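Visitor: Mind having a look at this structure? Questions to follow.
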Amino acid sequence: MAARIVPLLSAFAGLSYARTVRSPTPPMGWNSYNSYSCSPSEDKIKASARSLVDLGLSSLGYNFATVDCGWPSRDRDSEGRLQWNETLFPSGGKALGDYLHGLGLGFGLYSGAGYLQCGSTDLPASLDFEGIDAESFAEWGGDSLKYDNCYATSRTVMVDADSAEAQSPARFQRMADTLEAVDRDIQYFVCQWGIGTDVGAWASAIGNTWRISNDIYNAWRSIWRITNQVVPYYKRTTVGAFADMDMLIVGLNALSVEEERFHFGMWAINKSPLIIGAVLNSPMLSKASVELLSNKEVIAINQDSLAKQAQLVRRYTEEEWDIWLGELSGDRKVLGIANWKNESQSIEVDLGSLGIFSATARDVWTATDVGSVNGVQNIALAGHEMKLWVLSDISLTSLRSVGYYSAAGATLGGSARLVGCPNQECQPTGQKIGEIGSGASASFHSISAVSSGKKVVGVDFVNYDYAFQTAWGWGSNTRNMTITVNGGTQKRWAFPLSGGDWWETGRLSIEVDGFVAGGNNSITFRSADGTWAPDLVGVEVFG
């Protein structure tokens with residue numbers, strides 16, 4: 001099944017990357033790993049593939065099945081070609097590909113850029129065999145290749161996330177070049193885990209998708225971790241290039257129904273691939289999970305032709321909810337309201353503060369029209385609910401900026417210090433305040449406000465403290481900071497990742513109370529609970 005091709009991103013046209021085969025919208029399908037780990041078999045793959053069709057999922061866009069780790073024999077043949085494990089896959093790769101194609105599905109293959117496959121101690125991956133392996137993938141009828149990063153530097157260390165070689169793009173670029181040379185369209189899914197720097201820049205240039213994080217696992221907190229890591233990738237996500245938040249755990253009985261809906265919705269608005277990991281022919285798969293995976297309106301958001309990732313436009317950390325906003329085709333927007341709290345709560349969303357004067361709203365979970373909306377919306381949220389509205393007939397408005405305050409103008413206390421940034425980074429100021437640790441502070445004075453009360457504040461920050469080694473525990477990809485206006489109540493905010501290194505700026509927009517009319521306001525930033533805060537680039541106040 002030939003993949004659709006889109007041109008390589010123009011921003012990288014001058015670089016020596018391969019022109020990769022890409023789907024214009026995020027890939028959708030099924031992968032064996034979340035249910036079978038590195039123990040797939042021909043029967044398991046065929047059964048779930050058949051169920052994609054029988055459950056009607058293939059007709060909704062879930063159009064390929066991927067065999068993940070564990071499929072090959074230990075030894076290559078005399079000519080160096082990979083061999084299928086004859087016990088697990090007695091018919092071999094070509095026959096399996098033919099079977100999937102006969103169902104109207106694509107054949108997803110798996111290998112790695114290291115010596116051995118993940119989850120094994122002796123199963124070969126593709127390092128130094130890229131050419132002959134790519135030819136085999138094409139001969140078997142492969143339509144996509146998930147390319148992993150285990151055993152990058154040796155045959156004894158499976159996961160090395162810290163060395164320069166493990167973080168290097170070179171091995172992944174080499175397979176991209178090789179796939180370009182074979183006589184078959186093969187989509188390339190980079191699975192480098194988001195380690196190192198500038199992953200979005202190099203991976204979007206060669207891959208249809210690229211993993212941004214350590215693996216998802218069957219716990220709610222992994223949803224929080226991965227969501228905080230995907231935030232800055234809207235800068236790289238576009239037609240044919242998608243940040244991969246990892247496979248769906250919908251249907252694995254790991255989350256509540258509401259949490260599964262939240263998880264699916266968050267992946268959808270961020271244009272992540274929608275890859276099912278559940279056993280589709282199992283009596284353990286609930287009707288609710290199948291209905292969730294089949295929601296046409298949420299799938300349509302994910303598959304929208306603009307291919308624009310939503311952005312985190314407001315965060316309320318202590319109250320435990322976020323607002324996400326993204327562009328859709330037809331001059332529409334998707335509005336996501338995410339309740340991280342494990343309890344119901346009623347919140348207020350001021351559409352005007354999001355740049356929306358009025359709109360017509362549709363609730364895509366309930367498939368009902370909300371009607372005309374404007375001003376402040378009172379919204380009731382269940383615990384761990386993600387409300388999704390599609391907005392049309394939008395009339396825009398804008399917030400008035402009353403001043404931008406650069407890091408260079410702040411008064412520093414404790415360990416905080418001003419740092420010059422290289423190569424015109426830390427935009428828009430070229431400087432940042434770093435080392436905001438226990439007892440440290442950064443205060444901005446003589447800040448203007450048109451009126452008293454609550455204001456929207458845009459905090460330009462840098463955080464690249466990504467959670468890889470801590471991903472299996474409580475690593476969250478956030479750094480926390482408290483903010484005080486005019487010496488009033490101190491509040492905490494969790495700042496997600498900002499970009500691809502310790503110099504790329506992100507912006508977190510928040511609402512802060514305590515301003516007074518005039519030009520004598522002050523804002524003070526401190527670390528929270530004695531931990532390191534994000535670095536500060538500058539502050540903009542609106543209204």
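Visitor: If a residue must be touching a residue at least 40 places away in the same chain (Cβ under 8 Å), surrounded by 15 or more Cβ atoms within 10 Å (Cβ to Cβ) and small (Gly, Ala, Ser), how many such residues does region 385-419 contain?
Guide: Going through region 385-419 one residue at a time, the tally reaches 4.
Visitor: Mind checking which strands (runs of 3 or more DSSP E) fall wholly inside region 55-166 and carry at least 2 residues that are modelled with pLDDT under 95 and surrounded by fewer than 16 Cβ atoms within 10 Å (Cβ to Cβ)?
Guide: By residue number, no strands (runs of 3 or more DSSP E) qualify.
Visitor: The conditions are (1) surrounded by 13 or more Cβ atoms within 10 Å (Cβ to Cβ); (2) in contact with a strand residue (DSSP E or B) (Cβ under 6 Å, 6 or more places away or on another chain), and residue 382 fails exactly one of them. Which is it?
Guide: Answer for residue 382: the failing condition is (2).
Visitor: Still on this structure: Which count do you get for residues in region 440-471 that are under 14 Å from residue 538 (Cα atoms), outside any strand (DSSP E or B) and out of contact with any Asp or Glu (no Cβ under 9 Å at 6 or more places or on another chain)?
Guide: Number of matching residues: 0.
Visitor: Scan region 387-420 residue by residue and report those that are hydrophobic (A, V, I, L, M, F, W, C), outside any loop (DSSP other than H, G, I, E, B) and over 26 Å from residue 348 (Cβ atoms).
Guide: 407, 408, 412, 418, 419
Visitor: Assuming residue 384 fulfils every condition listed in (1) under 30 Å from residue 367 (Cβ atoms); (2) out of contact with any Lys or Arg (no Cβ under 6 Å at 6 or more places or on another chain); (3) part of a strand (DSSP E or B) apart from one, which condition is it?
Guide: (3) is the only condition that residue 384 fails.
Visitor: When residues of region 472-507 are filtered for being touching a residue at least 60 places away in the same chain (Cβ under 8 Å), part of a loop (DSSP other than H, G, I, E, B) and either of a type in the set (Asp, Glu) or out of contact with any Phe, Trp or Tyr (no Cβ under 8 Å at 6 or more places or on another chain) (or both), how many remain?
Guide: Adding up the residues that qualify gives 5.
Visitor: Just a yes or no: is a residue in region 303-315 open to solvent by less than 60 Å² (accessible area, probe 1.4 Å), under 18 Å from the mean Cα position of the chain (by Cα) and farther than 30 Å from residue 399 by Cα?
Guide: Yes.
Visitor: Among the residues of region 261-281, how many are more than 24 Å from residue 193 (Cβ to Cβ) and touching a Ser or Thr at 6+ places or on another chain (Cβ under 8 Å)?
Guide: Counting residues in region 261-281 that are more than 24 Å from residue 193 (Cβ to Cβ) and touching a Ser or Thr at 6+ places or on another chain (Cβ under 8 Å) gives 3.
Visitor: OK, next. Can you give me the ranges of the helices (runs of 4 or more DSSP H) entirely in region 193-271 with at least 2 residues that are under 20 Å from residue 292 (Cβ atoms) and in the same structural domain as residue 286 (by the TED database)?
Guide: Ranges flagged: 220-230, 257-269.
Visitor: Which residues, counting only those in region 170-192, are open to solvent by 10 Å² or more (accessible area, probe 1.4 Å) and not in a loop (DSSP other than H, G, I, E, B)?
Guide: 170, 173, 174, 177, 178, 179, 180, 181, 187, 189
The values are calculated or read from the model by the stated rules, or taken from the named source; none is laboratory data. Being a predicted model, the structure only gives us computed values, none of them experimental. Because the Cβ atoms are built from the backbone with ideal geometry, glycine has one as well, and the counts that use them run over all protein chains shown. Surface accessibility is based on the protein's heavy atoms, side chains included, excluding ligands, DNA and RNA. Shrake-Rupley method; radii C 1.70, N 1.55, O 1.52, S 1.80 Å.
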